[in-house]
Structures are given as structure tokens and as C-alpha cells.
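J.: First the structure, then my questions, so here it is.
The values are calculated or read from the model by the stated rules, or taken from the named source; none is laboratory data. Please read these numbers as outputs of a predicted model, since none were measured by experiment. Here the Cβ positions follow ideal geometry from the backbone for every residue, glycine too, while neighbour counts run over all protein chains shown.
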């Protein structure tokens, strides 16, 4: 989606059929992993009753069976229905990618600093707000969260270098 | 009247100033959660659950159940003013609620919705008051086989009543069971499905799954629709409320029918959404204004709201008496009980009388609190929805991340939540139901334990699930429900061939 992005916004990025097949295949694989590990643990009757893999084995089997049915049905689909258009996918990605980066930053900076940056970035990038609005909202929300979790309910959240420097950690 | 005495005792527990404060806090938080996209009853309660760890279990459940009532009320606000059902069971409310708002009668629609929600809940709470001690006493005699058959019934009901593909319901449910099996096996002490990762030893916590699947997944899905919400203004004042209340007694028959549909469907798992649709359909058929349904009839708001709220409340009955939650939110509340060190199930009624009756009394009080709050604060709640998405979305995502972190104080859980978020988005768009996955994740270990214990008792003979009338009846009913979609499609085919 490099060129002619705007005109292409309504074009499908993936068909429902393709995504349906992909998801069913992943579920099938997941079921196979469950069966594999259950067999390793033993799916038969042991000295003290059923072994650890006894119950999960049938769960895995049902996962595989149901995903095979979904897979076969999906392969036989003839419709070209769109799963997600390019514009929609762009919207979803524009939230998913920064949020993933944000989760990565929590470990480095602590949750409060990371959240200030994340909310500010989001408002600036997607909301095109003025910094005069961004700064109070981003700081205010986090001060409120800090008061609520650290002070009132005494639930400690991950903190980073800034809190350590301020003696709050 | 044993129940009345117990209930009065419950009121004395629930009516402390601190608990009353928690009730109002819970209801207000609940309505906000119900109004905001990406935060529904289930994940809202899941996120706020860690805040209650330091409270007494009774205060904690009062606050959390009030959040639930608030979320149920809140769903109506978004449905009527914005034509956005905040919860699946509010979909039917949009049919007549939004047209009423378009005609400028938003206040009447909201008053009707809140009042009928309240009536629906009240009927269900009265049912819980008198029925749950009976069910609990009965369930005290249950052995592992009976419990497994009840679990089986729960899960088969999901397959049988699924609106979408039964196969996808099975897949989603079994994924939940598989995730529940991850970690240390309590019977043999072996590690299952961990593949050497230490993070997986503890297994998957369903609270993380709920926050990811319902919270992140829903936000991603909402984003596709664009960033703006366009809503109607709501004017609600004492005059509108009283005028609407004068109109409501006309629909007494609809109220009674909807309450009954709701109570019955609520006990069955996954019942609130079908209950609201069913009750709307029934009201449309029996009402003399049935043909006008969909154009903005107050009766068309009364029917689904009464049923949804009755069902949402009734879902707590099997949760309390049998330890089998009827909805994802009831499942989260059940998870709360386990965290506070209470064992849900029939023994609760014997060993934790204060807790049980305090909770039941708080259901009466919480719904009164809810009605007062929503009737007086609608403009404030509607204003929350007008906050632009580019501000509210990152705040909700931050709250989800905090919620996931606080469950065990682990960063790995925050990553898991993101993973569940993507799964939730894909599953929603491909019509895999999420509720069975969450319920299987919650009940997986307990269902497996009761299955293994039954197998041990019978030395591996599956016949134990048919060994007496009770267990055989429940198992049989479960199997009928399980194969219902198959039978229904075969009957349809036969009919088509005959025609």
C-alpha cells in the first residue's frame, strides 16, 4: 500500500476467504500442538487414573476436527467478500503498532512515563491536536491514574528511571 | 420464611455506609464502562478486580456487581442516543430506541429503558432470593459426575444456542479448554503445554484473556468504522420521567412476558442476548401496535431491556449456587470469588451466609442506586461519548494495559493481552464467538477435575454419566442441545426436499 493510497483505501487488503483459511489453519496447528504434547504426557490410563494428557488429547482432537471443517468450508467459498479494506487495515495498524511499541516502553520507562508519551503521540498523530491540549490531557490522565493506583488503592504499577529519580518508586 | 430472614440479615450487611458508597461508585463506574467503546461489563469488571483485593469479599462483590448493573444500564444509553449497542444484548434496544431519539423522544426512550431494566432486574433478584437456596440445597448432594454433567450442559447449551456456526463455537470453546490446561497439572504434577517457557508455568489467566479479547479486540473493530460518533441530544427531566412512567403501566403484559423470558434464558448460559431478541420478537407479535415496531415504539424498548436485564441478573443464579457462570461477566465475578478465597458452589450458602445474602441484598439496593444514578446523570454520561476517539482510545488502551498488569504484576501478561486482542479482533470478524472461549478458560480445570474424578469412581466407564436419573437427565439434555443444530439443519433439509 505504498502508492495511490487514498484511491485504494476502499480496495480489499485481504479477502474473507483468505483470512478464514489462514485462521483455521493456525487453529489446526494449535490443535496439533495440543495433541502432540498430550501424547507426550500420556493419554492412556495410568496407575492413579487418567494420565495428564488424557483430557487435553480429546480437546486437541476436537480443535483439529472443527478447524478442518471450517477449513474445508472456507476453501469451497466462492465469494470475493472483503475481510478488511486497505483504509480500515491502515486505521487498525495505526493503533496496533503504536500500542505494541507502548507496551515495549512500559518495561523501560515505567508505565506512567510511557503512558504520557503514548497518549500524547496518539492525540498528536491521529487527533492532530494542539500541544496546548495534548500536554494537560496526557499529564492529567496519568496523575489521576497515579493517585488512584499508588495512593488510594495501593496497587503498585511498574515504574522507571524518572520515578526512581523523584523518589516515588 | 427462612429466605426472608436471611435476606433481612443480608440487608443489615449491605446497608453499611461504606458499602452504600461502594454501590454508588460501582454503578457510576459501571455506566461509564458500559458507555465507553472497548470497555464492557466483562472486561470492565476484570480490570477493576485487582482494586478489590484489599477489601473484604462482601464489599468487593457489592462493588463489582454494581459495576455490572451499571454496565447493563449504560448499554441502553449508547443504543438509544448513538445507535451503537454497547453490549450485544443492547442490539435489540436500538430497533425502537434510536428511532424514538430521532423523533426527539430520547428522554422518554431512556426513561422507559432504565425503568424496564430495573423491573426486569427486580423480578430476577426476587427469583434468585427464593430459588437459589433451593438449588443450592439440591446441589449439595451433587457428586463429581453430577457436576461434570452440569458443566457439559453449560457448554452444550452454547453450541446448541449459538447464533452463528456451531463448528466455530466448538473450536472457540476447545481453544479455551486447551489454554486452561496450560501449566501445572494439579493431579499428576506434570507440566502441560509449557514447552519449557517459565512464563507459562502459571497458565493463562482468564482475566487477561477477557481484557484482551473484549477490550483491545473491540477497540480495533470500532476503529474500522472511523473515529467519530454522532449522537442525539438527550433531555431528561422530572416531567419527562413522570410522563413516561404514566405510560409504562400500559405495557404490563409485555413487562411480565419479557421478565419471564429473561429469567429463564438467563439461567441458561449465554442467555442475555437471545433473551433480548426473543422478548422483542414476542412483544412484536403480541402487541396491538406490533406492526409499528421499529419506528419508535416505547413498548419496543421496554421488551428487550426488561429481558436483557432480567437475564443478566439471573445469570448470577447458577454462578452462586453451582459455580457455573451464565455469562462472561458472571465468569469474571466467579474468578473474583476464587481470588478472595471463596469456593463458589452450593457450600457457599452454608459457609458464607453473610457474603451470599449481602450480595443478594445488594442486588436490590444496587439496582435502586443504578436507577437513581442513570435517571439523574444521563447528560453527563452522554457527554463522555462525545469525547473524541483520539483522546478516549489511548486512555482506554492504557487502562487495559494497567488492568492486565495488576492481575499478577507481570509484564508478560500485558504482552499476552495484546496477543488476545489481535485474536479477539480476528475472531469477532470471522464470527467465532468469544464467550465460550472465556467460559471454557474459567471452567476448564474444574470441568476436567470433575471428569477425572468421575472416571476414577467408575474405573473409566463413561456410563457413570447416565448412572442415575438426575445425572442421566442432565447429560441427556446436554446431548440434545449439542446435536440440536445438526438435527435442525437435517429437519430443514428434509422439509425442503418434501416441498
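J.: Any residue at all in the stretch A:125-132 that is at pLDDT 90 or above and assigned to a helix (DSSP H, G or I)?
T.: Yes, there is a match, as at least one residue in the stretch A:125-132 is at pLDDT 90 or above and assigned to a helix (DSSP H, G or I).
J.: Quickly run through the stretch A:48-82 and pick out the residues that are farther than 17 Å from residue B:432 by Cα, surrounded by fewer than 19 Cβ atoms within 10 Å (Cβ to Cβ) and facing chain B (nearest Cβ under 10 Å).
T.: A:48, A:49, A:58, A:61, listed by residue number.
J.: Being at positive phi and at pLDDT below 85 is the filter here, so list the residues in the stretch B:175-190 that pass it. It would help to see each step written out before you state the result.
T.: First, pick out the residues of the stretch B:175-190 that are at positive phi: B:183, B:189.
Within the stretch B:175-190, just B:189 meets the criteria.
J.: A further question follows. For the stretch A:155-168, how many residues are surrounded by fewer than 18 Cβ atoms within 10 Å (Cβ to Cβ) and more than 7 Å from chain B (Cβ to nearest Cβ)?
T.: In the first step, residues of the stretch A:155-168 are kept if they are surrounded by fewer than 18 Cβ atoms within 10 Å (Cβ to Cβ); the result is A:155-156, A:161-162, A:164-168.
Now narrow it down to the ones that are more than 7 Å from chain B (Cβ to nearest Cβ): A:156, A:161-162, A:164-168.
The qualifying residues number 8.
Residue-by-condition table, conditions (1) surrounded by 14 or more Cβ atoms within 10 Å (Cβ to Cβ); (2) part of a helix (DSSP H, G or I); (3) at pLDDT 80 or above:
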| site | (1), (2), (3) |
| --- | --- |
| B:207 | yes, yes, yes |
| B:210 | yes, yes, yes |
| B:214 | yes, yes, yes |
| B:222 | yes, yes, no |
| B:233 | no, no, no |
| B:240 | yes, yes, no |
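J.: Pairs only if they're at least six apart or on different chains, beta carbon under 6 angstrom, first in the stretch A:100-111 and more than 7 Å from every other protein chain (Cβ to nearest Cβ), second in a helix (DSSP H, G or I); list them, first residue then second.
T.: Short answer, once both residue conditions are applied: A:102/A:114; A:102/A:118; A:105/A:114; A:110/A:163.
J.: Another one. Looking at the stretch B:1-91, what helices (runs of 4 or more DSSP H) fall wholly within it and have at least 2 residues that are in contact (Cβ under 8 Å) with a residue 60 or more places away in the chain and within 27 Å of residue B:222 (Cβ to Cβ)?
T.: Numbers: elements: B:2-14, B:17-35, B:41-48, B:57-82.
So the answer is B:17-35, B:41-48, B:57-82.
J.: Does the stretch B:181-196 contain any residue that is buried (at least 18 other Cβ atoms within 10 Å of the Cβ) and assigned to a helix (DSSP H, G or I)?
T.: Checked against the condition, which is being buried (at least 18 other Cβ atoms within 10 Å of the Cβ) and assigned to a helix (DSSP H, G or I), the stretch B:181-196 yields at least one hit.
J.: So, residue B:141, is that one out of contact with any helix residue (DSSP H, G or I) (no Cβ under 8 Å at 6 or more places or on another chain), more than 14 Å from chain A (Cβ to nearest Cβ) and under 24 Å from residue B:279 (Cβ atoms) or not? Even if it seems obvious, please write down each step before you answer.
T.: On the way: out of contact with any helix residue (DSSP H, G or I) (no Cβ under 8 Å at 6 or more places or on another chain): yes; more than 14 Å from chain A (Cβ to nearest Cβ): yes; under 24 Å from residue B:279 (Cβ atoms): no.
In short, no.
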